[in-house]
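Undergrad: Supplied in structure tokens, the structure appears directly below.
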């Protein structure tokens with residue numbers, strides 16, 4: 001912003017689960033997904049643009065190669081003062097689903113949803129760290145919804161994920177790119193961010209790692225998590 005550049009914010013995992021202050025931050029463009037903390041069906045991507053970004057979009061010199069991604073055409077269909085020039089078939093069922101998801105979020109209260117995600121993250125963090133499992137992102141830079149944690153030394157991380165899914169009906173994500181095989185990604189998003197899931201994850205992970213003789217501290221994770229909920 002100091003240099004007049006446009007800014008864009010990735011809010012795919014954060015919208016609905018942690019404060020997203022678009023105007024206060026002066027974000028020029030922001031996008032999210034409906035399937036994460038909004039607990040809606042996948043397929044929609046809420047977006048917002050500042051006046052400055054809209055000016056750039058409207059005054060671009062070269063044509064957009066994609067009809068579908070041409071924002072000038074999209075704004076002509078959806079935007080303020082639009083002439084309703086046809087651009088695409090609206091995903092009506094998904095839009096109704098999003099409306100219901102937002103209604104449920106409004107009933108809970110946005111600040112309450114933020115607090116719920118934070119508390120469940122802290123409980124999971126307490127349990128994992130008591131076991132001896134750490135986070136790869138330093139505290140203060142983490143999202144409470146997405147917990148990337150280290151795989152204990154000597155553990156077959158894929159075998160752990162397989163056992164969690166088959167024995168406990170619990171699925172956690174693998175590491176991607178350079179982190180493949182080194183971390184697990186544990187999501188606490190939307191309605192799935194609750195105490196029951198936190199306790200299930202901790203007890204199941206401890207059981208599976210214990211069976212594999214992993215170097216963890218056993219018998220302490222659940223008490224550590226419950227101390228957060230007390």
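Undergrad: I'd like the residue in region 187-197 that is within 18 Å of residue 133 (Cβ to Cβ) and out of contact with any helix residue (DSSP H, G or I) (no Cβ under 7 Å at 6 or more places or on another chain) and, out of all such residues, is surrounded by the most Cβ atoms within 10 Å (Cβ to Cβ).
TA: Across region 187-197, the extreme among qualifying residues is 187.
Undergrad: Same structure, new question: Checking residue 44 against (1) without any contact (Cβ under 8 Å) to a residue 40 or more places away in the chain; (2) buried (at least 16 other Cβ atoms within 10 Å of the Cβ); (3) assigned to a loop (DSSP other than H, G, I, E, B), only one condition comes out false. Which one?
TA: Here residue 44 meets the rest and fails (1).
Undergrad: Residues to consider are 66, 62, 50, 45; find the one that is under 30 Å from residue 197 (Cβ atoms) and outside the structural domain of residue 225 (by TED's automatic domain parsing).
TA: Checking each option against the conditions leaves just 45.
Undergrad: Tell me which residues, restricted to region 162-186, are in contact (Cβ under 8 Å) with a residue 12 or more places away in the chain, within 20 Å of residue 222 (Cα to Cα) and surrounded by fewer than 18 Cβ atoms within 10 Å (Cβ to Cβ).
TA: Result: 167, 168, 185.
Undergrad: Take the residues in region 47-80 that are at pLDDT below 85, closer than 27 Å to residue 5 by Cα and out of contact with any helix residue (DSSP H, G or I) (no Cβ under 9 Å at 6 or more places or on another chain), then tell me which one is surrounded by the fewest Cβ atoms within 10 Å (Cβ to Cβ).
TA: Restricting to residues being at pLDDT below 85, closer than 27 Å to residue 5 by Cα and out of contact with any helix residue (DSSP H, G or I) (no Cβ under 9 Å at 6 or more places or on another chain), the top hit is 80.
Undergrad: Can you name every residue in region 10-26 that is surrounded by 19 or more Cβ atoms within 10 Å (Cβ to Cβ) and touching a helix residue (DSSP H, G or I) at 6+ places or on another chain (Cβ under 9 Å)?
TA: 11, 16, 17
Undergrad: Quick check on my filter: what residues within region 100-144 are in contact with a strand residue (DSSP E or B) (Cβ under 9 Å, 6 or more places away or on another chain) and either part of a helix (DSSP H, G or I) or touching a residue at least 24 places away in the same chain (Cβ under 8 Å) (or both)?
TA: 121, 124, 125, 128, 129, 133, 136
Undergrad: So, in region 1-41, exactly how many residues are farther than 25 Å from residue 108 by Cα and in contact (Cβ under 8 Å) with a residue 40 or more places away in the chain?
TA: 1
Every residue, every condition in (1) part of a helix (DSSP H, G or I); (2) buried (at least 21 other Cβ atoms within 10 Å of the Cβ); (3) touching a strand residue (DSSP E or B) at 6+ places or on another chain (Cβ under 7 Å), yes or no:
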position	(1), (2), (3)
199	yes, no, no
203	yes, no, no
215	no, no, no
219	no, no, no
225	yes, yes, no
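The values are calculated or read from the model by the stated rules, or taken from the named source; none is laboratory data. This is a predicted model, so every value here is computed, not measured. Quick reminder, even Gly has a Cβ in these numbers, built from the backbone with ideal geometry, and neighbours come from all protein chains shown.
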